[in-house]
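Values quoted throughout were computed directly from the atomic coordinates according to the rules given, and no laboratory measurement underlies them. For clarity, every value in this text was computed on a predicted model and none was experimentally measured. As a convention, Cβ positions derive from the backbone with ideal geometry for all residues, glycine included, and neighbour counts pool all protein chains shown.
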């Protein structure tokens, strides 16, 4: 997932280089921020699931 997020971030940065419209620049920046937040939440969910699976209380 991390390599996908890095790829998306790079693509957004490439698009921003040639863009002059403030609205589109804002949209691209927010898209990048949203992708980073989703990646963080996905990792948190995976970590929580892993922790619950290994919890001795559930054995």
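Computed over the chain, the per-residue total of -39500 (n - 2.57) for DSSP H runs of n ≥ 4 gives a 222 nm mean residue ellipticity of -28500 deg cm²/dmol, rounded to 500. The angle separating the long axis of helix 2-17 from the principal Cα axis of greatest extent in the chain is about 10 degrees. What is the calculated FRET efficiency for residue 47 to residue 5, with r their C-beta to C-beta distance and R₀ = 22 Å, to the nearest 0.05? Once rounded, the FRET efficiency stands at 0.85. Computed over the Cα atoms of region 2-58, pair by distinct pair, the Kirkwood hydrodynamic radius stands at 13.2 angstrom.
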